[in-house]
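All of the numbers you see were taken from the coordinates with simple rules; none came from a lab. None of these values were measured; they are calculated from a predicted model. When we count neighbours, we look across all protein chains shown, and the Cβ atoms used for this are built from the backbone with ideal geometry, even at glycine.
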Amino acid sequence: MKRRTFIAAAGAGLAASGLAVTSNAQSSGAGSGDRPTVLLAHGAWSAAWSWKKMRPLMAAAGFPFITPTYTGLGEREHLANPSVDLETHVQDILGVIKHEELKDFVLLAHSYGGMVATVVADRVPELIRKIIYLDAFVPKDGQSLVSLMPPQAQEAMRANVKAGDGWRAPPNPPPPDTSPEDVRWIAAHRMPQPFKCFDTPVKLRNGDSKVPRAYIRCTRVAPGDTFLPFAERAKRERWSYHEIDASHSPAVTAPEALATLLAKIIAE
């Protein structure tokens with residue numbers, strides 16, 4: 001599908017779901033028609049580039065969409081070093097919030113981004129309208145991403161770090177339903193990430209978050225079903241819970257469906 005046709009079709013789908021298609025949205029809080037700014041905390045090994053399919057869709061729905069890149073990844077790869085850890089990435093997002101003067105915004109966290117977003121929400125809960133976890137880790141105080149992985153996956157990650165440069169973890173392969181074109185795109189831009197990001201425990205100052213939370217579970221699960229415990233927690237704690245017929249990275253493989261679902265959750 002050509003880019004122009006893709007955007008038009010996506011916009012029509014969003015409009016059909018009850019969303020006015022608009023532009024000229026503000027970027028510091030609420031957008032047009034009180035559609036809040038959406039701030040992304042992206043997943044591991046990727047960067048803002050991996051969400052470029054979502055930008056026209058969110059804009060068509062009237063949502064200002066800010067997609068920062070963490071230190072050491074994507075266009076900021078030149079800043080990678082062994083000291084980069086989870087707190088570095090938390091500070092990246094807090095810096096965007098401060099200098100964009102964001103308030104009453106939605107924090108969207110994908111995968112590893114759930115680690116980052118959980119700490120960010122602990123630091124500035126008064127500024128966040130809602131957190132949406134997209135097939136993401138949801139840590140409690142003292143937990144690291146590695147501690148939340150099955151033992152075999154922990155061992156494999158540590159072994160991969162040792163087999164490489166000793167301080168970065170190589171990326172996992174993309175889901176099997178990723179198109180060949182997207183696999184080539186991802187392979188050109190994904191990169192190893194400092195292991196300390198995965199091994200740093202979160203430090204929560206205020207206990208469990210009181211910010212309203214939603215969870216999106218991707219139902220085309222990978223072996224091991226890493227994110228099932230967090231989906232079950234969301235249901236158990238009565239968060240807004242949703243599912244999407246997609247593999248782990250719907251921003252790549254199912255962007256139109258994801259944009260429509262996000263708009264529905266934000267409107268709740």
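For the range 39-50, the set of residues classified as surrounded by fewer than 23 Cβ atoms within 10 Å (Cβ to Cβ), in contact (Cβ under 8 Å) with a residue 40 or more places away in the chain and part of a helix (DSSP H, G or I) consists of 49 only. Pairs meeting the criteria (first residue in the range 178-196 and under 17 Å from residue 51 (Cβ atoms), second residue surrounded by fewer than 17 Cβ atoms within 10 Å (Cβ to Cβ), beta carbons under 7 Å, at least 6 apart or on different chains) are 191/77. Scanning the range 86-104 for residues that are surrounded by fewer than 19 Cβ atoms within 10 Å (Cβ to Cβ) and either more than 28 Å from residue 263 (Cβ to Cβ) or in contact with a strand residue (DSSP E or B) (Cβ under 6 Å, 6 or more places away or on another chain) (or both) turns up 87, 91, 104. For the range 65-85, filtering for residues that are free of Cβ contacts under 8 Å to residues at least 60 places away in the same chain and surrounded by fewer than 23 Cβ atoms within 10 Å (Cβ to Cβ) leaves 9.
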